[in-house]
Amino acid sequence: MTLDSRSEAPILSAAMRRDRLVVITSLALACALAWLWLLDQAQGMGAARGAMGGMPMPKAPQPSAASWLGAFVMWSLMMVAMMLPSAAPMILIYTRVAGQRRAPSGAAAPALAFAAIYLVVWTAFSAVAALAQVLLAATGAISASRLSLGDARLAGAVLLLAGAYQLTPLKDACLRQCRSPMGLIVQHWRAGWRGALGLGLRHALYCLGCCWALMALLFVGGVMNLAWVAALALVVMAEKVAPIGRLGARIVGVVCALAGVTLAAGLWAPPH
């Protein structure tokens, strides 16, 4: 090691620590704000249901741009709350690698760009989910107050679909990529902003391929049922970081499929 490299090492180390702190703080703040918003909305919906008491349910709302926009904002923030924690290990590894490779703008900015494009993909998913919610609400398939499927056969079909997808080779291939962040970085690393955005997009698409069916289960347990939201977020996290994550994904698939069959058969009913 030369004298110059020895003198630069403490500076590089300090810069990497600073970049890591900036990224961790940004991710934690985004997740905290999203969860606080969801908590506030859930409490508001609970108060509205309590105020209605035994009053008859209002007619199903007609689809509109305003109803879609409200659902879109809700889904977008829910995806931040649910998906960003499971993406954090990948983002932090990217931050470290970018710092080691001495990104010209530092590691924090490209790492946050990586996180931003990741959230853009889940925001696009939120637009589709919001449209599905608005259309289902218009047909009366989901409750306007609880935002969950009221038809046991339809709820069972969603559970069965999600369970079956958990067992497919596509799910396993996407999950393998999500569980190997360093391999993805080594294989597809490109320097600069375009590299950060490209790698973030690639990781986001793998994550979407891995988790979209689990997100569809929100319509079964309730889109604003925070206990259900938190449970699904923990399942996603466990699949990606737990040692038995791939086996766990298959177990979840079998459980969902069996639950779907028994629900559709009328052997049990989801809580409402």
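What follows is calculated from the coordinates using simple rules that are stated; it is not laboratory data. Because the structure is predicted, anything quoted here is derived from the model rather than measured. Glycine gets a Cβ as well: all are built from the backbone with ideal geometry, and neighbour counts include every protein chain shown.
The figures follow:
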read-out: Sites L258 and D151, calculated FRET efficiency, Cβ-Cβ separation with R0 25 Å, nearest 0.05; value: 0.85
read-out: Inverse mean reciprocal Cα-Cα distance (Kirkwood Rh) of the range 87-134, Å; value: 11.9
read-out: Compactness relative to 2.2 N^0.38 Å, alpha carbon Rg of the range 71-171; value: 1.45
read-out: Förster radius 35 Å - calculated FRET efficiency between A173 and T139, Cβ distance, rounded to 0.05; value: 0.50
read-out: Within the range 80-120, backbone nitrogen closer than 18 Å to the virtual label 7 Å beyond the Cα of R190 toward Cβ; value: 94-95, 98, 103-105, 110-120
read-out: The range 153-202: translational diffusion in µm²/s, Stokes-Einstein, Kirkwood Rh over Cα pairs, 10 °C, 1.306 mPa s; value: 122
read-out: Helix 3-52 axis, angle to the chain major axis (alpha carbon atoms, nearest 10°); value: 10
read-out: More than 28 angstrom apart: percent of Cα pairs within the chain; value: 42
read-out: Convex hull volume per residue in cubic angstrom - Cα atoms of the range 122-272; value: 110
read-out: Sorted by Cβ neighbour density within 10 Å, fewest at the top, the residues I185, I244, I24, I142; value: I244, I24, I185, I142
read-out: Between helix 152-166 and the chain: long-axis angle, C-alpha atoms, 0 to 90°, nearest 10; value: 20
read-out: Two-decimal log10 I(q)/I(0) for the range 113-154, as the Debye equation yields it once each C-alpha is a single scatterer, q = 0.31 Å⁻¹; value: -0.98
read-out: Mean separation of Cα contacts under 8 Å, 6 or more apart, over the residue count of the chain: relative contact order %; value: 25
read-out: Between helix 65-100 and the chain: long-axis angle, C-alpha atoms, 0 to 90°, nearest 10; value: 30
read-out: Total charge dipole magnitude, the chain, about the Cα centre, Cβ charges on Lys, Arg, Asp, Glu only, Debye to nearest 20; value: 540
